[in-house]
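J.: One structure coming up, written as structure tokens, with questions to follow.
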Amino acid sequence: MEGREKERLLPPGLVELAKEKGSRKKIGIFAIGLFLFLGFVGWILVKNFFEPTRPGLETSRPLAFKQDIKEEIPFKSEDETKVVSILQNKETLKPNLPISPSFKEKPKSNIKDVSREKPSYSEVPPFPTLYAHLWRAKEYEEQGNYEEAIKEYLKFCNLKREVNVLNRVALLYLKIGKLEEAENLLEEALSIDPENRGVLLNLSVVKFKLGQSEKAKELLEELLKKDPTNRKALFNIALIHEMLGDRDEAKRFYLQLQELGDPEGKKGLERLGITN
């Protein structure tokens, strides 16, 4: 009531002017807030558009039977001939595979005649059981069913500790985020074959993902001593230095990569803001 009495005492038009000023103040505050919000959103969009995406660390190539699996086959000559032809990818016979009930992803179209029941060994083509596990593992891997692939690879490893197979299992563990399991297998593989470059490369990736950046760099430096032009090792050590903010070292390795004609060298230098 008192407020209305005061309004009646004011000169005509003054009340409307006061109310209009209050509205203008609110509108001004709202406009400033909206401007700041749009500016922030615009900055994020521009930053993401112009700032190049940083790639991930590289690992060794997929397992290749012919190059990676030693052909130490203590079987009769007929079976040995069969296995050698399989390892050289000249034979297409593969055992039928069971599909795990927990695996929901649709298999690729090139996977045919897949049985839902576990096959007996009588259903497996006549080559040694040891290598049948590798075929099963590779088929599961092609389906993207890494858990089942790991099981088959480990069945092989339980019969024979083959470095390149241990390395492959570790990579699959890395893909599904089981870093400790990958680390254990790679360290075992390295103890068997300290010169294996694929194992050194992959162990460095696992160590970095586990937060052990210094150990990762040590492994890559060791690899580069053995193979100074190893592009994956150069790329990984450059990228690690870049991610850690060590621009000078990152530049040094990216320049080496560029000199080898690798496009990742130029891309890395561009991310560092270096053009030549």
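Quick note: the coordinates plus some simple rules give every number you see, no bench work behind them. What you see is a predicted model; the values in this text were computed from it and never measured. FYI the Cβ positions are ideal-geometry reconstructions off the backbone, even for glycines, and counts take in every protein chain you see.
J.: Distance from the Cα centre of the stretch 230-256 to that of the stretch 124-195, in angstrom?
T.: One Cα centre to the other: 30 Å.
J.: Here is a follow-up. Between residue 222 and residue 275, what is the label-point separation in nm under the 7 Å Cα-to-beta-carbon projection?
T.: 4.1
J.: At 7 Å along the Cα-to-beta-carbon direction for both residue 187 and residue 229, put a label point, then send me their distance in nm to one decimal.
T.: 3.5
J.: Let me ask something else. Expected output is a single nm value to one decimal: the length gained when fully extending between residue 246 and residue 32, i.e. 0.36 nm times separation in residues minus the C-alpha distance. What is it?
T.: Stretched fully, the residue 246-residue 32 segment lengthens by 73.1 nm.
J.: Please work out how much length the chain gains when fully extended from residue 215 to residue 142, using 0.36 nm per residue of separation minus the C-alpha to C-alpha distance, in nm with one decimal.
T.: Between residue 215 and residue 142, full extension yields an extra 23.1 nm.
J.: Is the shape of the stretch 165-226 best called rounded, prolate or oblate, per the rule: a/c under 1.5 gives rounded, else a/b larger than b/c gives prolate, else oblate, with a ≥ b ≥ c the square roots of the Cα gyration tensor eigenvalues? Please list the in-between numbers first.
T.: Details: a/c = 2.10, a/b = 1.20, b/c = 1.76.
Taking the square roots of the gyration eigenvalues as a ≥ b ≥ c, the stretch 165-226 is oblate.
J.: OK, next. Based on the alpha-carbon gyration tensor of the stretch 135-276 and its eigenvalue square roots a ≥ b ≥ c, which shape applies: rounded if a/c is under 1.5, prolate if not and a/b is larger than b/c, or oblate?
T.: Prolate.
J.: Among 191, 213, what is the fewest-to-most ranking by other Cβ atoms within 10 Å?
T.: Least crowded to most crowded, the residues run 191, 213.
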